[in-house]
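Only one structure is covered here, and it is reproduced in the block below.
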Amino acid sequence: MLESPSVPANSAARSAAIAAVIFVVAHLALLVGVTTPEKFYFDEVHYVPAARQMLEPVMPRPMLNPMHPPLAKQLIALSIRIFGDVPLGWRYPGVLFGSLAIVAMYLCGLALFAAQGPAIATALLAFFNQMVFVQSRIAMLDIFALAFGLLAIAAFMQGFRKVRPHRWFALAGLAFGIAAACKWSGLFALAVCIAIVAVIRLMQSWRTQFAASDPDDWYRPELWPDFRFVHFAGCFVLVPVVVYLATFVPLYGLSLPDLLEAQRRIFGDNTTTAIAGHTYMSAWPSWPFLLRPVWYLFDKIAEDRIAAVVFLGNPVVLWAVLPALAVCLRDWIVTRRADAFLILSFYFGPYLAWALQPRTLGFLYYYLPAATFASLALVYVLRRGNGPRWLLWAFVAVAGAGFAAMLPISVAFVGTTMETFVRLMLFQSWI
């Protein structure tokens, strides 16, 4: 059976070295000025007190922030124990896992394109996107779920075209379980994997064949000959469930009723519609167009200077993503390309899952996983066909310039003038 091209084994050390360099550079960049402001901002008021509570010898009651799983808060608590109950202690885990998220995007690019250049460009675009940068510098839960979710997707894509995907799919299940233990939105990409495997197995049971089949087709009737139902259940159900539940044991012990009650509470809190509105709320159809950002911080620090942090995304990247996704859709329909299929699946799955939520309260940062993964669509299109290879790197440079232009409203310690702020606010809805 043919497999898709993969990075040669003798380049594994080179790939590891590049991943290490990406991690170090991203880590250092994210650390700069991370302790500003020296107070809680935005949702840190919920998560840091919940992490502090976990450091108590006996867990106090009532438990703070029971509407989310504990792992991300446990990691923040560990950081507070190491660095102290100070801004660095609150925010360092975000820096760490934001750096891992960029590395994960490099690994996704490597799995999809089997080439170092496009993989590095993918990581750079994910960083210049602005969303990962801002979310990595605040003590919230989303960056943890993102990092583990992207690592899981990278493992799944690595195994997708293998004759024996068992090991890669098991690693994906492990990482998905950890992602869900940080925030339930980590389940969305797992659901995408389950749907992909189920659809392929269903088509195989129907003995479906494409006319003029090609090794690059997203579906082949001979795919995964030894991957049985028991393997599927183990990789995508048992492993994630066991890993997920294990993170609750430090809080609830091995009491099954307490563990089940914790899940009931999370489900109830995340599906309720009885939630008040919010100044920066936005509906899911608006997220790809960046119509309504979320202002994490807006403080006046001098007569004509402000400290501002906005979660918006880099328009240079995210507006360009939309036509790139259309090209991916065309290629999937017309030429059945597996890489286009995977890009579309892991973009639209985590994004459109929010359309199924009964609660009406939504924020742009819910779009973070889909927006970050969408970097792959840009790389796919810019290296597609016989186009000049420099075009990809030219776009990366332009994206970097857009990221730099947004730094005054992305990094609180930089500060900016009201004049610059007004210049960067292209639309009234951004204010």
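Taking the Cβ-Cβ separation of D304 and V414 as r and a Förster radius of 22 Å, what is the calculated FRET efficiency to the nearest 0.05?
On the way: r = 15 Å, r/R0 = 0.67.
The value I calculate is 0.90.
Available extension along the chain between Q116 and T360 is 83.7 nm, counting 0.36 nm per residue and deducting the alpha carbon span.
Considering all C-alpha pairs of segment 52-190, those separated by over 22 Å amount to 43%. Per-residue ellipticity at 222 nm from helix content only, as computed over the chain with -39500 (n - 2.57) for each DSSP H run of at least four residues, stands at -18500 deg cm²/dmol. Each residue was assigned an accessible area with a 1.4 Å probe, and for W168 the value is about 70 Å². At an R0 of 22 angstrom, the distance between the Cβ atoms of L55 and S255 translates into a FRET efficiency of 0.50. For the set M54, M131, solvent exposure ranked by accessible area (probe 1.4 Å, protein chains only) runs largest to smallest as M54, M131. Scaling against 2.2 N^0.38 Å puts the C-alpha radius of gyration of segment 275-415 at 1.22.
Other residues with beta-carbon under 15 Å from the beta-carbon of V309 carry, at +1 per Lys or Arg and -1 per Asp or Glu, a net charge of 0.
Using a simple spin-label model with pseudo-atoms 7 Å out from Cα toward Cβ, D217 and N270 lie 3.7 nm apart.
Per residue, the chain exposes 42 Å² of accessible surface when a 1.4 Å probe is rolled over the protein heavy atoms with every protein chain present. Each residue of segment 142-151 is assigned a 3J(HN,Hα), and the resulting list reads 5, 5, 5, 4, 5, 4, 5, x, 5, 4 Hz, derived from the Karplus form 6.51 cos²θ - 1.76 cosθ + 1.60 (θ = phi - 60°), x at Gly and Pro. Using only side-chain charges placed at the Cβ, +1 for Lys and Arg and -1 for Asp and Glu, the dipole size of segment 282-431 relative to its Cα centre rounds to 520 debye. Cα centroids of segment 156-195 and segment 28-83: 27 Å apart.
Overall size of segment 236-317 from C-alpha positions, given as principal axis extents largest first: 56, 32, 29 Å. Here segment 345-431 yields Rg over Rh of 1.06, to two decimals, using C-alpha coordinates and the Kirkwood radius. Ranking W90, M203, F144 by Cα position along the charge dipole of the chain, where only Lys, Arg, Asp and Glu carry charges on their C-beta atoms, puts M203 farthest toward the positive end. Each peptide in 347-360, 284-297 was scored by the mean count of other Cβ atoms within 10 Å over its residues; highest first, the order is 284-297, 347-360. The phi torsions of segment 337-346, fed into the Karplus equation with coefficients 6.51, -1.76 and 1.60 and a -60° offset, translate into couplings of 5, 5, 5, 5, 4, 5, 4, 5, 5, 8 Hz, rounded to whole numbers, with Gly and Pro shown as x.
Which value, in nm² and rounded to one decimal, describes the direction-averaged projected area of the C-alpha convex hull of segment 329-369?
3.3 nm²
Counted residue by residue at 0.36 nm each, then reduced by the alpha carbon distance between them, the extension gain from A20 to R167 reaches 50.6 nm. Computed extension length for Y280-F348: 22.2 nm, one decimal, from 0.36 nm per residue of separation with the Cα-Cα distance subtracted.
Grouping the Cα pair distances of segment 66-122 into 10 Å bins from zero gives a pair-distance distribution of 23, 31, 23, 20, 2 percent in increasing distance order. The protection proxy used here, the mean number of other Cβ atoms lying within 10 Å of each residue, ranks peptides 42-52, 209-219 as follows, highest first: 42-52, 209-219.
The residues neighbouring V379, those whose beta-carbon lies less than 12 Å from its own, together hold a net charge of +2 under the Lys/Arg +1, Asp/Glu -1 convention. Candidate values (1) 21.7, 72; (2) 21.2, 75; (3) 23.5, 72 were compared with Rg and Dmax of the Cα atoms in Å computed on the shown model; the agreeing label is (1). Accessible area per residue was computed with a 1.4 Å probe on protein heavy atoms; T417 scores about 40 Å².
Taking amide H as placed 1.01 Å from N in the peptide plane, the amide H of I301 sits under 5 Å from that of I306, A307, each at least 5 places away or on another chain.
The distance separating the Cα centre of segment 355-374 from that of segment 221-288 comes to 16 Å.
The values are calculated or read from the model by the stated rules, or taken from the named source; none is laboratory data. For clarity, every value in this text was computed on a predicted model and none was experimentally measured. For neighbour counting, all protein chains shown are included, and Cβ atoms are generated from backbone atoms with ideal geometry for every residue, glycine included. Heads up: the accessible areas ignore ligands, DNA and RNA and are worked out on the full protein's heavy atoms, side chains in. Shrake-Rupley method; radii C 1.70, N 1.55, O 1.52, S 1.80 Å.
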